[in-house]
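What follows is a short report on a single structure.
The values are calculated or read from the model by the stated rules, or taken from the named source; none is laboratory data. Bear in mind the structure is a predicted one, so any value in this text is a computation, not a measurement. Every residue, glycine among them, receives a Cβ derived from its backbone with ideal geometry; neighbour counts consider all protein chains shown. SASA here: full protein model, heavy atoms, side chains in, ligands and nucleic acids out. Shrake-Rupley method; radii C 1.70, N 1.55, O 1.52, S 1.80 Å.
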Amino acid sequence: MSAWINAIQGTPAGHQAALVLALAAAFLHAIFGALQKGRHDPWLSRAAIDGSYAVLSLPFALFVVPWPQAQMWPIFAGAVVIHIGYKLLQASAYQRGAYTVVYPVVRGTGPLFTVFGAMLIFGEHFTPLQWVGVAMLVAGIFGLAGYNLRHIQIDRETLAPALGLAVLTGGFVALYTTYDAFGIRRAPDPFTFLAWFFVLDGLFMPFYTHRRWRVLGRDQIAPLLRRGVLGAVIAWASFGSVMLATRLDKVGQAAVLRETSTIFAALIGWVVLGEKVGPRRTLLMALIAAGAVVVELAG
């Protein structure tokens with residue numbers, strides 16, 4: 001598979017594969033966000049997921065994929081530091097704000113910053129019509145966040161700091177998307193980057209949250225660990241998909257398409273978490289989808 005990915009990189013077939021991967025990442029990332037925000041402490045949910053994907057990835061890193069070249073270890077170190085900052089901010093935002101308020105702000109801020117980052121680092125440029133699509137998508141996402149902010153009564157007293165943390169988290173989304181795209185492009189084998197990234201990235205949160213684990217009731221440990229394993233598989237598929245998309249095609253375009261996850265998140269909030277989705281939110285979600293379609297078709 002690595003040889004096939006390298007062969008189609010930068011080709012029309014690679015563009016189509018990147019499109020499918022980015023949309024798959026969007027759907028899976030919305031599920032991942034809901035798992036972290038669910039009924040468990042978001043810090044412990046994240047720790048259970050991270051620890052699980054580190055354990056699951058270790059055999060692949062040691063025995064399946066090629067060993068990383070020396071140049072990759074400093075890149076891995078930088079990625080781990082950036083993702084630690086992202087996770088701390090994300091968990092803090094989820095702890096203070098409703099999922100359907102925090103998630104759209106994070107996802108709306110991320111692609112906007114990523115497009116500019118890809119322009120500066122990778123020399124990517126959007127057409128004027130693609131910028132219209134970006135504006136549509138971001139307007140829909142922030143409109144959705146504003147509507148939720150106005151109507152949702154959950155965690156109202158902590159929404160202001162939650163929104164501030166959400167914007168910062170979105171900045172870190174852009175930072176890790178751009179940096180990890182650089183990393184996976186430097187790796188001769190993309191799966192080497194993914195396997196070792198998950199091993200190293202999964203170590204921090206279990207140790208950071210050890211005090212929370214010690215006061216957790218025994219009856220809660222098994223459900224949380226099951227959620228962790230499920231989240232680990234979803235994280236592998238979601239993050240792996242968008243990273244492969246950034247290797248195959250434009251980083252900015254993959255980032256924009258991934259943010260259709262906001263639509264899936266709203267549907268999950270409605271169906272799974274019991275949060276209402278009215279006609280206005282439906283129209284805003286349609287605007288997000290239309291923006292993503294414009295970005296893709298005008299590329």
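A few remarks follow.
- Lys/Arg +1, Asp/Glu -1 at C-beta; region 93-232 dipole; positive extreme among P111, P128, G231: G231
- Heavy-atom accessible surface of region 76-193: percent carbon and sulfur, 1.4 Å: 73
- Considering only V295, F76, L267, the residue lying farthest towards the positive end of the dipole of the chain is L267, judged by Cα position with unit charges set on Cβ.
- Whole-percent P(r), region 40-122, all Cα pairs, 10 Å bins from 0: 13, 33, 34, 19, 1.
- Positive-end residue, the chain charge dipole about Cα centroid, Cβ charges, pick of I141, V20, V242: I141
- Computed helical MRE - 222 nm, the chain, DSSP H runs ≥ 4 contributing -39500 (n - 2.57), nearest 500: -28000 deg cm²/dmol
- As a ratio to 2.2 N^0.38 Å, the alpha-carbon radius of gyration computed for region 152-262 takes the value 1.30.
- Helix runs (DSSP H) in the chain reaching 20 Å along axis by Cα, Kyte-Doolittle at least -1.0: 12-37, 42-63, 72-96, 99-122, 128-151, 159-186, 218-248, 279-297
- Fluctuation leader among H125, H29, H210 - the chain, Gaussian network, Cα springs under 10 angstrom: H210
- When +1 charges are put on Lys and Arg Cβ atoms and -1 charges on Asp and Glu Cβ atoms, the dipole computed for region 52-198 relative to its Cα centre reaches about 160 debye.
- In the complete set of protein chains, residue-level accessible area for T127 is approximately 50 Å², probe 1.4 angstrom.
- Radius of gyration over Kirkwood radius for region 167-216, both on Cα atoms: the Rg/Rh ratio is 1.13.
- Computed over region 93-226, the range of Cα coordinates on each principal axis works out to 55, 47, 21 Å, biggest value leading.
- Unit charges on C-beta of K, R, D, E only; dipole of the chain, Debye: 700
- Per residue, the chain exposes 42 Å² of accessible surface when a 1.4 Å probe is rolled over the protein heavy atoms with every protein chain present.
- As a length-normalised measure over Cα pairs under 8 Å and 6 or more apart, the relative contact order of the chain settles at 42 percent.
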